[in-house]
Every structure is written in C-alpha cells, then in structure tokens.
Amino acid sequence: MGIERVGGGAGLAGRAVARLAKVLELAVAEADLSIPQYRMLILLADGSAAASELAGKLDVSPPSVTSLIDGLVARGLVQRRPAAGDRRRVDHLLTAKGHAVLRDADRAAAVQLASVAAAAEPGQAQAALDALAIWGGAMDRYRDEQMGR
C-alpha cells in the first residue's frame, strides 16, 4: 500500500482498531484481566518462555514484563520455573487456572466481537470476523520479522 493511501482506508481502519480495542478491553475484564495480562496469557499459552523473550514478543521492557508476571503469579495464573540446563534462566508457564481464565477471556471476547460484527451490513458479519483472523496472522508474521532483525 502506498503512503498516499494511509490517510484513507488504512486511517479509518486504525480508528476501527482503536474502537475494537475498547470492546476487547471490556470483554476480557469479564474474566478479570487487563489487555496486557490477556496478551501475556496468550503468549504463554504457546509454551513457557523467559522474561526476556516475552519482553521482545510484547515489545516492552523486561522490568514491565516482570511487573506483569508478578501480578499473574500472585493470582495463580502463571508459574515461574527454573529452566532445565540453565540455572540463571527462569521460565514462565500458565497454570491450570491460567488456562481456564484465558478460555473465559477468549469466550467473552468472541461473544463481544460477534455481537459487534452482527451489526455490520447484511452478510458481512462473518467476513468481518474472518478479516480479524487474517490480521492476527499478519501481526504474528510481522512480529517474527521484526524480532529477526
């Protein structure tokens, strides 16, 4: 997409994303999570990771990750575990309770996003949800590319 298009459709898409972020924030709050906590649980659902890896994936500082993890550990959603073969490294993984809370948050988000999509033009609700899934994949690839640099 050329730079001349940024102010048009892409600019409007940015506004839609900002508004959807609030919808998602309210949805995951039903599972007593903030957006940063939800993002952390999503990352940990893919497997355990050290704080430095999590900071890179979330594009935040390691102290921010430590603070976020501390709160999730205190709630019993995440567990710290010494890494096998490297006593200096500590891995973080979801507990059973963490998986359950993530499932609850995912359900609440799905219900809320489906409700918003249902207000689209007739026949466009599924396309709107499918487009979000496409964005999810694009963001994963973009993050991986950025981390590889």
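The values are calculated or read from the model by the stated rules, or taken from the named source; none is laboratory data. What you see is a predicted model; the values in this text were computed from it and never measured. Quick reminder, even Gly has a Cβ in these numbers, built from the backbone with ideal geometry, and neighbours come from all protein chains shown.
At-a-glance table
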| quantity | calculated |
| --- | --- |
| Some residue of the range 67-79 being farther than 15 Å from Gln37 by Cα, under 17 Å from the mean Cα position of the chain (by Cα) and of a type outside the set (Gly, Ala, Ser) | no |
| Single residue of the range 1-26 satisfying the filter (touching a helix residue (DSSP H, G or I) at 6+ places or on another chain (Cβ under 8 Å) and over 16 Å from Leu132 (Cβ atoms)) that is modelled with the lowest pLDDT | Met1 |
| Complete set of residues in the range 40-71 that are of a type in the set (D, E, K, R) and exposed (fewer than 15 other Cβ atoms within 10 Å of the Cβ) | Asp46, Asp59, Asp70 |
| Matching residues in the range 93-113 - criterion: being under 18 Å from Leu68 (Cα atoms) and small (Gly, Ala, Ser) | Gly98, Ala105 |
| Neighbours by Cβ (under 9 Å, 6+ apart or cross-chain): first from the range 21-35, free of Cβ contacts under 8 Å to residues at least 12 places away in the same chain; second surrounded by 13 or more Cβ atoms within 10 Å (Cβ to Cβ) and part of a loop (DSSP other than H, G, I, E, B) | Glu25/Ser34 |
